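In what follows, a single structure is set out as structure tokens and then discussed.
The values are calculated or read from the model by the stated rules, or taken from the named source; none is laboratory data. Keep in mind that what you see is a predicted model, and the values were worked out from it rather than measured. So basically every Cβ, Gly included, is an ideal-geometry build from the backbone, and we count neighbours across all protein chains shown.
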Amino acid sequence: MHVYRGHLLHISGSPTASTAHLSLVSEPNGALVVDTHGKIVFSGEFTEVPAECASATVTDFRPGFLLPGFVDAHVHFPQVFTTDAYGGGELLNWLDRCVFPAEARFSDPDFAREAARAFCAARVAAGTTAALVFGSAFPVAQDALFEETQRIGLRMVSGRGVQTRGPKSASALITDDATAEKLCRKEIEKWHCADAPGRFDEAMLQVALVPRFALSVTPTTFHWMGVLYQEWRDRGLYFHTHLSENDAPGVGEIDSVIRDFDIPDYLSAYDGRFLPGGASGAESLLGRRTIFAHAVHCSAEELNRIAATRSSIAHCPTSQLFLGSGTMPWMQIAARGITIALGSDVGAGDEWLISRVANDCFKVHMSTKAPDATALDPAALLFSATLAGARALDMESLFGNLDSGKDADFIVVDPALWPPLERSLSGVTDVSGLVFSLLMSMREPAIARVFVRGAVVST
């Protein structure tokens, strides 16, 4: 066993965003005891470490902090080199001018391997121990991503980005439906639970079905995806895509989807009701392992269906600022009990560090017009950056906080490595203020060490 000392900060138990403050643990003289299997066997005050651990090796990170590893619920692998790309407009313009051409480069195996190394290195630097990754259209790139992720020892759910139609700029990314289904099946068979065959409840590598968004696929695509999802639902397959990100009147994403499919609302496309008039065309793709990125402009009825199916939302405030997409209605979504996890959305998002996304999250919801404006509690921000992400991934029993029995996925934050953070924390006396200053002021240099299953992760 190994004892790690430091200031423990995490959201214990299994609360919601609105009750996270009641479960906030702050243990200045804290300790984590990790066994040889990478499990936390004790979490708490150092003086209460069990006597049987007296001979364990001790690593002292004080006055540093021990936090759960961050969970990024929405990040794009083939946009690793496309942050801060100027598209001259909102979502559809940006995709056409910046993203589709950049993603086409991932057909080159050497370039894909370079990108996979850069992507995983950025995750480690940001303390992101688990991520839901929107993948490349090219199997060679996806193989490189899974291989590099496995080599380093990070957790990941990913799936090839499926496009069966689109503009000329996306032509290199588009396949016919038969090819798209074949490639998805191959990826699932090769990589889903590759590190723990048949054990989706504990595997580090897992696969999702990932249509880019409704305008990138056809009714035929939704049909075979519904069939495939039902085949694999009981074996832990995920579904991940974008929902209601941009509402530019008449020409934006939402109006275009509703008009194109002749359906009553955007969510119907993913809910199996993608035929004209909202008629059923296949099994629903909603469920407890379904995560929708953005959900900025959903109707009340759509949110009710997301809640009823236990689907989750990846909130991407940094990206929404960049593309002028608006602000997700946090209070309406949280009131329905929907899990809200944070996503960097790199490359529309230009911050890899999830605490920086939490920083933007606080600011945008403070700036929302009444009555939706709210000052999010620091504990809710920490919850959304860690435990909520694990819950969205249906892996809360394994990671997301520092409770005894969980895998030892944690990061060491040393304020001395980032003087602005050290100064920000110097005058704080209450726990909520401590969490707030830590999340708002942290930068990558302050992350001194990253652990997954008790093992140090490095590139």
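Quick notes on this one:
- Residue satisfying condition, being assigned by TED's automatic domain parsing to the domain that holds S268, within 23 Å of the chain's Cα centre (by Cα) and free of Cβ contacts under 8 Å to residues at least 40 places away in the same chain, within set F200, F213: F200
- Selection within segment 220-245 - among the aliphatic types (A, V, I, L, M) and in a helix (DSSP H, G or I): M225, V227, L228
- Flag if A380 is in contact (Cβ under 8 Å) with a residue 40 or more places away in the chain, more than 20 Å from F451 (Cβ to Cβ) and assigned to a strand (DSSP E or B): no
- Pairs with Cβ under 9 Å, 6+ apart, first in segment 111-132 and at pLDDT 95 or above and surrounded by fewer than 24 Cβ atoms within 10 Å (Cβ to Cβ), second of a type in the set (A, V, I, L, M) and assigned to a strand (DSSP E or B): V124/I447; V124/V450; A125/I447; A125/V450
- Residue match in segment 409-420 (condition: charged (D, E, K, R) and surrounded by 16 or more Cβ atoms within 10 Å (Cβ to Cβ)): yes
- Cβ pairs under 9 Å, 6+ apart, first in segment 219-244 and at positive phi, second assigned to a helix (DSSP H, G or I): S244/E253; S244/I254; S244/V257; S244/Y266; S244/L267; S244/E302
- Answer from R453, R423 - the residue that is at pLDDT 95 or above, touching an Asp or Glu at 6+ places or on another chain (Cβ under 6 Å) and more than 25 Å from G349 (Cβ to Cβ): R453
Matching residues to (1) closer than 24 Å to S397 by Cα; (2) touching a strand residue (DSSP E or B) at 6+ places or on another chain (Cβ under 8 Å); (3) surrounded by fewer than 20 Cβ atoms within 10 Å (Cβ to Cβ):
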| residue | (1), (2), (3) |
| --- | --- |
| L22 | yes, no, yes |
| P28 | no, yes, yes |
| A31 | yes, yes, no |
| A51 | no, no, yes |
| G64 | no, yes, no |
| V71 | yes, yes, no |
| P78 | no, yes, no |
| T83 | no, no, yes |
| Y86 | no, no, yes |
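- Residue that is nearest to the chain's Cα centre (by Cα) [pool: residues in segment 11-32 that are assigned to a strand (DSSP E or B) and either among the hydrophobic types (A, V, I, L, M, F, W, C) or under 17 Å from R391 (Cβ atoms) (or both)]: I11
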